[in-house]
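Nothing in this text is a laboratory measurement; each read-out follows from the coordinates by a stated rule. Quick caveat, the model's predicted, so the values are computed rather than measured. Neighbour counts are summed over all protein chains in view; Cβ atoms, including those assigned to glycine, are modelled from backbone coordinates with ideal geometry.
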Amino acid sequence: MSTNLTLSVIGCGYLGATHAACMSSLGFNVIGVDTDPEKVEMLSRGELPFYEPGLDTLLAQEIKTGRLNFTTDFSAVAGADVHFVCVGTPQSKDGLAADLTYVKSAVAEIAPFLKEGALVVGKSTVPVGTAQALLELLVKIAPQADLAWNPEFLREGFAVEDTLTPNRLVVGVANDRAEQILKDVYQPIIDLGTPWIRADLPTAELVKVAANSFLATKISFINAMAEVCEAAGGDVTILAKAIGYDPRIGNRFLQAGIGFGGGCLPKDIRAFMARAEELGAKQALEFLREIDAINLRARQRVIDVVRNDLSEDLTQYKIAVLGATFKPDSDDVRDSPALDIAVQLHAAGAHVVIHDPKGIEPARKRFPNLTFGHDVLECIKGSDLILHLTEWKEYRELDPKIIGDLVKSKIIIDGRNALDRELWRNAGWKFHALGRTD
Ligand code: UDX
């Protein structure tokens with residue numbers, strides 16, 4: 001392995017911090033650059049600015065080795081051979097497209113410091129065509145350097161595992177030399193038998209959004225089936241299990257409920273539609289509009305069940321919301337379906353109290369007017385209805401008998417189809433779940 005290669009990572013958020021720590025653990029010297037001095041200070045102390053199982057320990061360990069350093073100073077990348085661009089590409093404020101400000105400025109910031117033969121490697125999720133445009137820019141401002149694209153498929157909650165033992169490595173390159181450099185970086189992972197896929201720049205960019213679109217489609221498909229099950233008196237959990245045994249379909253990502261959220265799937269499918277329209281291929285991705293609509297409708301369906309159970313006027317009711325993050329084992333509340341539902345119920349006048357094992361502070365930052373509680377039993381006390389919206393393990397371990405003595409009325413809605421319905425019903429609860437007939 002050529003561990004004598006030096007790497008830089010530009011943007012030390014979720015993706016960048018993970019990539020930097022993991023590359024250091026493979027033996028490389030890594031310099032991470034971020035414009036946020038607070039984040040850089042924390043990371044330099046070996047502390048993670050967000051929650052991700054396993055990454056905290058890895059980061060602390062790698063900082064101690066001295067191989068991993070963080071700075072706000074872009075000139076620190078001057079000695080590096082390979083530069084991973086890991087900055088965010090959020091949805092733009094005025095439309096569906098991705099905002100590329102950070103990607104463009106990251107490349108512009110490092111350009112003056114790139115040495116002869118340096119390789120810039122984009123990892124951010126970008127609209128197809130971005131890499132080619134950046135390459136053309138680089139040819140003008142830093143002709144000594146080259147550019148490749150290497151999409152990242154990591155899931156929050158499994159970030160370290162997905163980086164060090166991914167199910168494939170995809171590299172978009174314009175020549176053999178760029179591919180060879182990336183092979184040198186990833187050799188220990190290739191040696192594990194990880195499939196290696198060489199593509200051109202546009203295909204590599206497309207692989208990422210295609211994968212996320214497929215996953216989003218799978219979730220919205222099962223949520224559409226949930227709607228039909230409700231109308232027809234069926235049970236979507238049994239339906240999902242039954243179709244999932246067909247290996248062509250597969251049983252993963254068929255969990256019906258309040259749908260997908262987070263920093264990737266929603267914005268990626270929207271940006272993909274916007275880009276397709278620019279390319280004159282709007283019709284090809286028209287179905288993603290429906291995927292988005294089904295997903296957002298799931299949130300509304302939960303609110304309808306709440307109104308049905310309580311009343312159209314929610315002002316007299318206390319609702320305990322279990323879960324604020326977009327999925328368990330994360331503190332990420334970006335586009336969280338759980339939090340969105342809580343906000344809507346609060347806006348409708350209900351007294352909403354939200355619990356989450358890790359997401360309270362990030363959620364409070366976004367919605368300071370909402371009420372949060374660190375003690376789950378305290379939150380539940382005196383409630384007229386419980387909403388289970390993020391499937392943290394600790395919610396599955398709640399004892400419905402004990403909880404039954406704390407609430408005003410025993411009504412629970414399982415927005416994730418993750419609780420044991422019989423257990424709750426046997427303890428005298430009125431139990432509703434999306435896609436399952438009572
Ligand atoms: C996703 C992709 O999985 C990952 O490959 C990509 O790199 C980034 O985007 P992540 O955002 O971490 O990862 O979340 P993921 O595990 O995909 O879940 C997305 C959302 O879908 C969550 O809100 C989750 O609750 C929801 N979901 C997932 C369902 O509603 N049902 C399912 O069956 C699976």
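Key figures for this structure:
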| quantity | calculated |
| --- | --- |
| Proximal lysines relative to Lys327, as straight alpha-carbon distance under 22 Å, when same-chain residues fewer than 8 apart are discounted | Lys208, Lys218, Lys241, Lys267, Lys358, Lys365, Lys393 |
| For the stretch 67-110 versus the stretch 130-189, the gap between their alpha-carbon centres in whole angstrom | 14 |
| Kirkwood estimate for the chain, i.e. one over the average of 1/r between Cα atoms, Å | 23.3 |
| Proximal charge balance of Phe113 [Cβ under 14 Å; K/R count +1, D/E count -1] | -3 |
| Spherically averaged projected area in nm², based on the convex hull that wraps the Cα atoms of the stretch 100-254 | 11.6 |
| Value of D in µm² per second that Stokes-Einstein yields for the stretch 331-438, Kirkwood Rh from Cα pairs, at 4 °C (1.567 mPa s) | 90 |
| In range of the label at Asp56: residues from the stretch 147-185 whose backbone nitrogen is under 18 Å from the point 7 Å along Cα→Cβ | 156-161 |
| Dipole magnitude of the chain, debye to nearest 20 (Cβ charges: Lys/Arg +1, Asp/Glu -1, about Cα centre) | 520 |
| C-alpha long axis of helix 176-190 to longest principal axis of the chain, angle in ° | 50 |
| Relative contact order (percent, whole number), the chain, Cα cutoff 8 Å, 6+ residue spacing | 12 |
| 20 Å cut-off, amide nitrogen to a point 7 angstrom out along Asp313 Cα→Cβ, residues in the stretch 360-394 | 384-385 |
| Spherically averaged projected area of the stretch 166-251 from its Cα convex hull (nm²) | 7.2 |
| GNM result for the chain, Cα springs below 10 Å: residue of Gly244, Gly157, Gly359 fluctuating most strongly | Gly244 |
| Size of the stretch 233-438 as Cα extents on the principal axes (Å, biggest first) | 59, 41, 33 |
| Candidates Asn29, Asn223, Asn251: whichever shows maximal mean-square fluctuation once the chain is modelled as a Gaussian network with Cα springs under 10 Å | Asn251 |
| Integer Hz, Karplus 6.51/-1.76/1.60 couplings in order for the stretch 31-48, x for Gly and Pro | 10, x, 10, 9, 7, 8, x, 5, 4, 4, 4, 4, 4, 5, 7, x, 10, 8 |
| Paired Rg and Dmax values of the stretch 6-199, which use every Cα atom, in angstrom | 15.6, 45 |
| Rg/Rh for the stretch 315-362, where both radii come from Cα atoms and Rh is the Kirkwood radius | 0.98 |
